[in-house]
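The structure under discussion appears below in the form of structure tokens.
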Amino acid sequence: MIVLSFPSSRSLARKIAKRIGAKFSEIEVKYFPDMEAYVRIKENLEGKDVIIVQTLAQDPNEKIIQLLFSSLTAKNLKARKVIALIPYLAYMRQDKMFKKYECVSAKALAKLIEASGIDAIFVLNPHLHRIKNLDEIFSIPSFNVSCEKEIADYLKKNFSKDEWILVGPDIESKPILKRISEISGFDFIVLRKKRFGPKEVKVFGKRKMKKKNAIIIDDIASTGVTLIKTIKLLKKLGFKKFYCIVIHLLSEDLLKEIKKYSQIVSTNSVQNKTSKIDVSKSFADAIKLYLTQKSIREIDELF
Ligand code: R5P
């Protein structure tokens, strides 16, 4: 068993390798002058089970090419099984044809991943909205790895549930908030959101709450507009203190604006200076179960 990764997922991949007791090796990637990618695996993979860790954020198209080239290469080098750990699975928000003749990117990417020979994938809290489960778009075994436990532990360690309430910006955040609330004992509310464009968002909600400190939790922060609009609405509702927790923080550019209103932390799904919540244990536990040949149903029930 060997864990491979590209530089951007190195830190998480090393932790996962350590937890499952596997060797870690970094894949070499270079660029030709015209920006074509060169990928080289520095190990003999013959007969081995190979785990490739690659998060598809911050230049997702480039990261996708790296993932596809490395899995095809691993298969070429006679790896027994190639398992992809994809902390952030890109393109899940384009999950239907919004306009006639559009590419449904979530399905297109799933097809490319399968065509590259990957035998199974594990994704951290995939953005599931109109697609309800990964197996709607993947025919290979696909598993959701959840980090609600890690977020709940972070809350219990750093906040008092008598003073803070959890806030989800939109209805899609509800399952995550509900699960975190069940584990941590913190109360939660969920607001409503309408998006008019990539940076045009309106967040609605009327409820006045006794607690005046809000921990806003969302699966993705991309432009940061959702978090900012949520904080602005909560301010109007009389909230005083704010804190943001994001599973997949896609860009550090949003931090300057957010930090005017709130502290923010994220998981190490995407390595950032905000990555304070480590998800390596959830990935390692999921992989261990898979490798002990538990049935897919048993793994699904656990995560
Ligand atoms: C959307 O449904 C997601 O859960 C996030 O709320 C959204 O992707 C955040 O994007 P942004 O930071 O650009 O508002």
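Pairs linking a residue in segment 151-177 that is more than 19 Å from Val190 (Cβ to Cβ) to a residue that is away from the ligand (no atom under 15 Å from the Cβ) and of a type in the set (Val, Ile, Thr), with Cβ atoms under 8 Å and 6 or more positions apart or on different chains, are Tyr154/Val265; Tyr154/Ile277.
Condition test on Phe186, is it farther than 20 Å from His248 by Cβ, out of contact with any Gly (no Cβ under 9 Å at 6 or more places or on another chain) and either within 16 Å of the ligand (Cβ to nearest atom) or modelled with pLDDT of 95 or more (or both)? Write out each step before concluding.
Working: farther than 20 Å from His248 by Cβ: yes; out of contact with any Gly (no Cβ under 9 Å at 6 or more places or on another chain): yes; either within 16 Å of the ligand (Cβ to nearest atom) or modelled with pLDDT of 95 or more (or both): yes.
So Phe186 passes the test.
For residues that are part of a loop (DSSP other than H, G, I, E, B), under 16 Å from the mean Cα position of the chain (by Cα) and within 16 Å of the ligand (Cβ to nearest atom), tally how many sit in segment 133-174. Full working, then the answer.
Kept after step one, since they are part of a loop (DSSP other than H, G, I, E, B), are these residues of segment 133-174: 133, 137-141, 146-147, 159-163, 169-170.
So of that shortlist, the ones also under 16 Å from the mean Cα position of the chain (by Cα) come out as 133, 146-147.
Cutting the leftovers down to within 16 Å of the ligand (Cβ to nearest atom) gives us 146-147.
Within segment 133-174, residues that are part of a loop (DSSP other than H, G, I, E, B), under 16 Å from the mean Cα position of the chain (by Cα) and within 16 Å of the ligand (Cβ to nearest atom) number 2.
Of the residues making up segment 10-45, just one is of a type in the set (Gly, Ala, Ser), in contact (Cβ under 8 Å) with a residue 40 or more places away in the chain and crowded, with 17+ Cβ neighbours inside 10 Å, namely Ala13. Exactly one residue out of Val279, Val270 is at pLDDT 95 or above and out of contact with any Phe, Trp or Tyr (no Cβ under 7 Å at 6 or more places or on another chain), and it is Val279.
Of the residues Leu56, Leu67, Leu72, which single one is outside any helix (DSSP H, G or I), hydrophobic (A, V, I, L, M, F, W, C), out of contact with any Asp or Glu (no Cβ under 6 Å at 6 or more places or on another chain) and at pLDDT 95 or above?
Numbers: Leu67 fails: outside any helix (DSSP H, G or I); Leu72 fails: outside any helix (DSSP H, G or I).
That would be Leu56, the only listed residue that is outside any helix (DSSP H, G or I), hydrophobic (A, V, I, L, M, F, W, C), out of contact with any Asp or Glu (no Cβ under 6 Å at 6 or more places or on another chain) and at pLDDT 95 or above.
A Cβ distance below 9 Å, combined with a sequence gap of six or more or placement on separate chains, defines the contacts here; from segment 97-124, residues that are assigned to a helix (DSSP H, G or I) reach residues that are buried (at least 22 other Cβ atoms within 10 Å of the Cβ) and of a type in the set (Ser, Thr, Tyr) in the pairs Ala110/Ser142; Ile113/Ser71. Could you please let me know if Val203 is surrounded by 20 or more Cβ atoms within 10 Å (Cβ to Cβ), closer than 21 Å to Arg93 by Cβ, within 12 Å of the ligand (Cβ to nearest atom) and hydrophobic (A, V, I, L, M, F, W, C)? Yes, satisfied.
Tally the residues that are within 16 Å of the ligand (Cβ to nearest atom) and touching a Gly at 6+ places or on another chain (Cβ under 9 Å), restricting the search to segment 209-219.
At the first step, the residues of segment 209-219 found to be within 16 Å of the ligand (Cβ to nearest atom) are 214-219.
Keeping just the survivors that are touching a Gly at 6+ places or on another chain (Cβ under 9 Å) gives 216-218.
The qualifying residues number 3.
Arg192 falls short on exactly one of the conditions (1) in contact with a helix residue (DSSP H, G or I) (Cβ under 7 Å, 6 or more places away or on another chain); (2) touching a residue at least 24 places away in the same chain (Cβ under 8 Å), and that condition is (2).
In segment 248-259, the residues that are farther than 12 Å from Ile228 by Cβ form Cβ pairs under 9 Å with partners that are more than 12 Å from the ligand (Cβ to nearest atom) and of a type in the set (Lys, Arg), at six or more places apart or across chains, as follows: Glu252/Lys273.
Given the criteria within 16 Å of the ligand (Cβ to nearest atom), modelled with pLDDT under 95 and either surrounded by fewer than 16 Cβ atoms within 10 Å (Cβ to Cβ) or among the hydrophobic types (A, V, I, L, M, F, W, C) (or both), does Leu128 qualify? Reasoning before the result, please.
Values: within 16 Å of the ligand (Cβ to nearest atom): yes; modelled with pLDDT under 95: yes; either surrounded by fewer than 16 Cβ atoms within 10 Å (Cβ to Cβ) or among the hydrophobic types (A, V, I, L, M, F, W, C) (or both): yes.
The answer is yes for Leu128.
The values are calculated or read from the model by the stated rules, or taken from the named source; none is laboratory data. Just so we're clear, the structure is a prediction, and the values are computed from it rather than from any experiment. As a convention, Cβ positions derive from the backbone with ideal geometry for all residues, glycine included, and neighbour counts pool all protein chains shown.
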